[in-house]
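Inspection log for the structure reproduced underneath, given as structure tokens.
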Amino acid sequence: MIGHLERLKLLFYNLNEVIFQYYENINGFISIFTPKFLILMKQFLFRLFVSLLYISIIYACSALKKENKDVISLTTPEEHGDTTEIYEEEIFPYKASKKILTDLIHTKLEIEPIWNTAELNGKATLTLKPHFYATDSVFIDAKGMEIISLGNGKMNLPFEYKNEKLNIKLDRTYSRNEKFTIEIRYIARPEIYKKEKGEEIGNNKGLFFINPNKEDSTVMPQIWTQGETETNSIWFPTIDAPNIKSTQELFITVEDKYTTLSNGKLIQQTKHKNGTRTDYWKQDLPHAPYLFMFAVGEFRVVKDTYTKQNGQKIDVNYYVEPEWETSAKAIFGETPAMIGYFSKLLGVEFPWDKYHQIVVRDYISGAMENTGAVVFGDFVYKNEKELLDANDQSIIAHELFHHWFGDLVTCESWANLPLNESFANYAEYLWNEHRYGKDYADYELDISTNEYFQEADNGTNHNLIWYNYNTPENMFDRHSYNKGGRVLHMLRNYIGDEAFFLGLKNYLSQNQFKSAEIDQLRLAFEDVTGEDLHWFFDQWFLKKGYPQLSVEYYNSIKNKEVVLTVNQLQDITTSTLFKLPVEVAVYDDAGEHIYKGVIDDLENKLIFPVVGNLKAVVFDHKKSLLAAVDDKKPDEFYTNQFYLTKSFRARYEAILNEQENPAYRQLILDALKDPFWLIRQTAIEKTTFLDELNRFKAMDIIKEMALKDENSSVRTSALQFFMDQNERDELKSLLKVLLNNEKSYTTLQKATSLAIQLSPETAEEILNPLKSSNDKKTILMLTGVLALSEETRYLDYFLELINQNKFKGYDALELLNNFTYYMSTLPIEDQIKAIDVYKKYNEEGNYYAKMYLPQNVFYLIQSIESNEQKDELLIKLKDEYLKQLNDFYKTLEIKE
Ligand SMILES: [Zn+2]
């Protein structure tokens, strides 16, 4: 999901503005870095990136369970000086799909959570049959349970409970045409199981009781589950594999005050005399065990509906905490439109009974596509003002698309996870393209692609369909998501929209309610296009790496042609020599010509005719290739392509290609009016290239932008422009307007910061109304302002806020990040106070704050290390403090 790293950038913005710029920059081209900048930042960025990778992974639909030891080793403090280490891929044994001995036809669960012990009383009635071979026994997954009784409804059956499996002896031999039933009464004990397994199962204990005994007055007690990859068998006995499918009934008994949620339809609610109630949820369509879920809490239900093309209405409800009831529609309200859009695009109507979404606390994953009952972490709790800056629609789209790719057709093994995640990832593009336009979709796709490059270059680099992973959790990385989505985008560009979506329709209808492997996807496209697509699927899905191309241009006026020399530079011993169909746009006196070519050798020559003067050549003009391209084209090509092409990236390349000439200066002025906000924002930053006269022209435009641009990042950059230009009077008058009218937190934060910089003497006057705000998000915004102030006098305020402990979830993490950044700017004698705060977080902090405490401590260590003290006493102090911080950091490393 796009939202992951996008969200991250916001979270870490104050922690490290540089990394933010870094991502912005690599989004365009790697070549715009100055080497010095890269060397300086490389070590830290890479480490932070690895950390960020973790957060980004938790936005995946699966839990971040076990840390990949190879990756985490890169972040240990002992290795501070070493930046050259590359992950050596280990080849683990081939991971086959689970052998299906028995079909699980139906699962009926009767459960009752026990809050005070965080356990679950349950009865599972499983309907099964031999898959093919007749058998007199069956294996059922059941992790860490106490089994009360086990039988077939008539008699107890003998069983052995070993290695998290129940090996049950049936009363006789059954053939594949005979169903049989198993009844298991059990107690699920996730806490005890977790204690026993420790690190081995990471964070995921399948069933989570949050604040069950109301020890924390700020957190609404709640229960939720997380089944991917194979953890639902901690709370009900099942055959826990993605190539198993079962229909489902769930009866859950809770105190009457609670709301419940599960898959399927809510059929009935029965109140009992003892103040409890039993809710009956039923799903008639089969799905994989990892998609089963339930949740309990005093959630409010905000109702919405989606109307299918046949006129049938289904419920689309949003389950939120009471204080978020009024924002639920602003957060989730586009869901019905999304369901309609995807149903139409795929030619396959949304297949399930309903589509509910719930937001839970301390969620270990970002969001999870449980069939018809999707779970989100609390980062989606955004008020209307926050939604002006960023929304989570791409994550909503991601989870929704899984209801076709993942829930309807499921990857048959975790090695085939891209059959789920690549599509969900690509759904983000599809929704962005439809809702926000191609420029924005392309922009987000570039970010996503660069994340994959980072992982392939610095982390793991493996086949997309990866049969030799270590644990299934290793599959949830930038390959399965980002690379996979990007490969689908390329396929769509190659075969065309109509063939692409028809191919998907084929794949869905041929494999619905079943599981699939990669070949089935290839065959579905081959059916439609009539082309043997092995070459495409082999190089992208079954081999690793990506093409690294250099492109050189030679304009032969004599021959009236342009010659492109394209070299493949990647190491073909570890990757492969790619076959790359490519479209090249040539612009000359006769206009635009789109030519097709193929790159399939180490060195390739593409020769195209030119009429009159050659104006520009845009290699891969739709920018659809998943390739790192080193484009060696003349400056005037860049300038011309800005005006001649429509693609966002070609325009963006043009403005990033800095030049000292009148054409480039005009380009900057024109780019200030570009339809896409990133180009406008970049144009503001490039105004340093303007001469005085042009800068004067630009100033009027930018003034207008500061007040009226629809994008808050552009308004923010426009304000900074006036600061950089030292146009203090202009800036003051702009701020006067904005401080009263601005709604976006991002812009308001910038405006407040600048106002204080301009007149420090009025700081309190500006800050006090913010401090007394009842809106927690305003207070959070204010901490962002103070974090940049470099003023010791705000330390007490920070400490007070931290002690009040009123920020929950991701908000608490943001406060911690702002605090860390703030501390890094203070004199060493003040920084010393950070360690007590960190210790407090370590003991009492919430889930996310604890999870990212190591990164915060590490950031401060890095910052202190680079602080050159002159005073002898301070040097001593610094060394002593560093030692303490490092010791503390080490204790954090070994903790989860
Ligand atoms: Zn997903």
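The values are calculated or read from the model by the stated rules, or taken from the named source; none is laboratory data. These figures come from a predicted structure and were not determined experimentally. Glycine also receives a Cβ, built like all others from the backbone with ideal geometry; neighbour counts cover every protein chain displayed. Calculation scope for accessible area: heavy atoms of the full protein, side chains included, ligands and nucleic acids excluded. Shrake-Rupley method; radii C 1.70, N 1.55, O 1.52, S 1.80 Å.
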Members of 344/743; 743/771; 205/808; 143/544; 273/329 lying beyond 25 Å, as alpha-carbon distances in this model show: 344/743; 143/544; 273/329
Any lysines with Cα under 27 Å of the residue 615 Cα? List them, leaving off those in the same chain fewer than 8 positions away. 438, 558, 560, 596, 605, 623, 632, 633, 646, 673, 686
Compute the acute angle (0 to 90°) between the alpha-carbon long axis of helix 776-787 and the principal axis of greatest extent of the alpha-carbon atoms of the chain; round to the nearest 10°. 40
To the nearest 20 debye, what charge dipole does the stretch 837-888 have about its Cα centre, counting +1 at the Cβ of each Lys and Arg and -1 at the Cβ of each Asp and Glu? 160
Probe of 1.4 angstrom, ligands and nucleic acids ignored: what's the accessible area per residue over the chain, in square angstrom? 40
Highest mean first, what order results for 753-764, 677-688 on Cβ atoms within 10 Å? 677-688, 753-764
Points 7 angstrom from Cα along the Cβ direction at residue 514 and residue 632: gap in nanometres? 5.2
Of the lysine pairs in the stretch 844-896, how many meet both conditions: Cα atoms under 27 Å apart, and a spacing of 8 or more in sequence or different chains? 10
Estimated vicinal HN-Hα couplings, Hz - the stretch 793-810 in sequence order (Karplus 6.51, -1.76, 1.60; Gly, Pro = x): 5, 8, 4, 4, 5, 4, 4, 5, 4, 5, 5, 5, 6, 9, 8, 9, x, 5
Hey, rough spin-label estimate for residue 152 and residue 532, points 7 angstrom out along Cα→Cβ, what's it come to in nanometres? 5.1
Karplus couplings for the stretch 246-254 from phi (6.51 cos²θ - 1.76 cosθ + 1.60, θ = phi - 60°), rounded to Hz, Gly and Pro as x? 9, 7, 8, 10, 9, 9, 10, 10, 9
Taking r as the C-beta separation of residue 259 and residue 161 and R0 as 30 Å, the FRET efficiency to the nearest 0.05 is 0.30
Here FRET efficiency (C-beta to C-beta, residue 106 to residue 344, R₀ 25 Å, nearest 0.05) is 0.20
Around residue 229, which amide H atoms from residues at least 5 apart in sequence, or from another chain, sit under 5 Å from its own amide H, with H modelled in the peptide plane? 63
Would you kindly state how much longer the chain becomes between residue 96 and residue 728 on full extension, computed as 0.36 nm times their sequence separation minus their alpha carbon distance, in nm to one decimal? 220.9 nm
Would the stretch 418-534 count as rounded, prolate or oblate if I go by the C-alpha gyration tensor, calling it rounded below 1.5 in a/c and otherwise prolate when a/b exceeds b/c, oblate otherwise? oblate
Pop out the ³J(HN,Hα) list for the stretch 378-389 in order, Karplus 6.51 cos²θ - 1.76 cosθ + 1.60 with θ = phi - 60°, rounded to Hz; leave Gly and Pro as x. 6, 5, 7, 5, 10, 7, 4, 5, 5, 5, 5, 8
Fully extended contour minus Cα-Cα distance, from residue 707 to residue 134, at 0.36 nm per residue: 198.8 nm
For the stretch 856-888 and the stretch 598-643, distance of Cα centres in Å: 50
Between the stretch 509-546 and the stretch 420-450, how many Å separate their Cα centres? 21
Under 5 Å between amide hydrogens, which residues at least 5 positions from residue 405 or on another chain qualify, with H placed 1.01 Å from N in the peptide plane? none
With the cut-off at 1.5 for a/c, could you classify the stretch 560-654 from its C-alpha gyration tensor as rounded, prolate or oblate? prolate
So what's the back-of-envelope 222 nm ellipticity for the chain, counting only DSSP H runs of four-plus at -39500 (n - 2.57) apiece and dividing by all residues, rounded to 500? -13000 deg cm²/dmol
For the chain, take the longest principal axis of its alpha carbons; what is the angle in degrees between that and the long axis of helix 497-511, to the nearest 10 within 0 to 90? 20
P(r) weight above 36 Å for the chain, C-alpha pairs, percent: 52
Points 7 angstrom from Cα along the Cβ direction at residue 643 and residue 758: gap in nanometres? 3.7
By its C-alpha gyration tensor, with a ≥ b ≥ c as the square roots of the eigenvalues, how is the stretch 245-387 shaped: rounded for a/c under 1.5, else prolate for a/b larger than b/c, else oblate? oblate
Straight-line reach from residue 271: which aspartates and glutamates have a Cα under 18 Å away, not including same-chain ones fewer than 8 places off? 110, 112, 255, 256, 279, 298
First select every other residue whose beta carbon is under 14 angstrom from the beta carbon of residue 628; then total the charges, Lys and Arg +1, Asp and Glu -1. -4
Specify which residue in the list 849, 827, 885 is farthest towards the positive end of the charge dipole of the stretch 819-896, using unit charges on the beta carbon of Lys, Arg (+1) and Asp, Glu (-1), about the Cα centre. 849
Summarise the accessible area of the chain (1.4 Å probe, protein heavy atoms) by the percent that is carbon and sulfur. 49
Within the stretch 392-411, the residues whose backbone N lies under 20 Å from a label point placed 7 Å from the Cα of residue 312 along the Cα-to-Cβ direction are 400-410
Residue-count net charge about residue 865 - beta-carbon cut-off 11 Å; Lys, Arg +1, Asp, Glu -1: -1
Size of the dipole of the chain about the Cα centre, Lys and Arg at +1 and Asp and Glu at -1 on the beta carbon, nothing else charged, in debye to 20? 2460
Counting only residues 5 or more places away or on other chains, whose amide H sits under 5 Å from the amide H of residue 462 once H atoms are built in the peptide plane? 545
Helix 518-529: inclination vs the chain longest Cα principal axis, degrees, rounded to 10, gives 70
Figure the gain on full extension for residue 181 and residue 887 (residue separation times 0.36 nm, minus the Cα-Cα span) and round it to one decimal in nm. 248.5 nm
Taking K and R as +1 and D and E as -1, what net charge do the other residues with C-beta under 12 Å from the C-beta of residue 785 add up to? 0
Does a label point 7 Å from the Cα of residue 169, set along Cα-to-beta-carbon, have any residues of the stretch 107-141 with amide nitrogen under 13 Å, and which are they? 136-138
Using R₀ = 45 Å, calculate the FRET efficiency as 1/(1 + (r/R₀)^6) where r is the Cβ-Cβ separation of residue 659 and residue 743; round to 0.05. 0.75
